[in-house]
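This report concerns only the one structure given below.
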Amino acid sequence: MRDSDVLVNNPHVSRSALEAMHGQVFGWALSRCDFEQAVAEDLVQQAYVELLTGKARFDGQSSLKTFVFAVVQNLSRNRYRRLAARMRLLGKAAPEAGADVAQLEEPAEHNELWKAVQELPARQRDIVELVFCRDMTIEEASAVMGVTTGTGRVHYDRAKKTLKGRLAND
């Protein structure tokens, strides 16, 4: 890593390493926001701001990819917590407006496998996506999700069994 390539507030992160994984990070952000491109762009931009300012500091305890994915994951969780709170307030203030918004959130998956994956519980869905779509190990995916490796393995195993059963029935 060249000295000119290192981030000032995050000395263990290089710009070239971030550029090399940008496509995967953006794909992960897309999946965190139901494939809304504008929201995914905001998530990735906010993650980069956190890295550039040093608010999210990489200390080398995991791979850089795992760390950046976890930053995006945490930002998306925080975003949707705030949105959920606003929706609850909106629902209390005008219940009919809250119902209209809920009807707009309709997934547009066409692939049977992807439909089956989307029907999995959240943690199982996340680990399947991280392992199969983002080329992470179960250990790295578990770190991104903020669970132990053992818990990640359990979610992964249950997801595979559930998918096998659903796809065999179809």
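Values in this text are rule-based calculations from the coordinates and carry no lab data. This one's a predicted model, so the numbers in the text were calculated from it and none came from an experiment. Glycine also receives a Cβ, built like all others from the backbone with ideal geometry; neighbour counts cover every protein chain displayed.
Can you give the charge dipole size of segment 108-170 about its Cα centre, rounded to the nearest 20 debye, using +1 on the beta carbon of Lys and Arg and -1 on the beta carbon of Asp and Glu?
260 debye
Taking 0.36 nm per residue of separation and subtracting the Cα-Cα distance, what length does fully extending residue 74 through residue 6 add?
On the way: separation 68, 0.36 × 68 = 24.48 nm, distance 2.37 nm.
The span from residue 74 to residue 6 would gain 22.1 nm if fully extended.
Order these by the 10 Å Cβ neighbour count, fewest first: 154, 72.
154, 72
Which loop trypsin sites (Lys or Arg not before Pro) in segment 44-82, with loop taken from DSSP, have no more than 12 other Cβ atoms within 10 angstrom of their Cβ?
The qualifying sites are 55.
Would you mind checking which residues have amide H under 5 Å from residue 13's amide H? H placed 1.01 Å from N; only 5 or more apart, or other chain.
7
Can you give me the relative contact order of segment 108-170 as a percent, contacts being Cα pairs under 8 Å and 6 or more apart? Provide the component values of the computation, followed by the final result.
Details: 46 pairs, mean separation 21.2, N = 63.
Relative contact order, segment 108-170: 34 percent.
For segment 108-170, how big is Rg over Rh, using alpha carbon atoms and the Kirkwood form of Rh? Working shown, then result.
Numbers: Rg = 11.5 Å, Rh = 11.7 Å.
My calculation of the ratio gives 0.98.
Excluding residue 75 itself, calculate the net charge of residues whose Cβ lies under 12 Å from the Cβ of residue 75, where each Lys or Arg counts +1 and each Asp or Glu counts -1.
For residues surrounding residue 75, the net value is +4.
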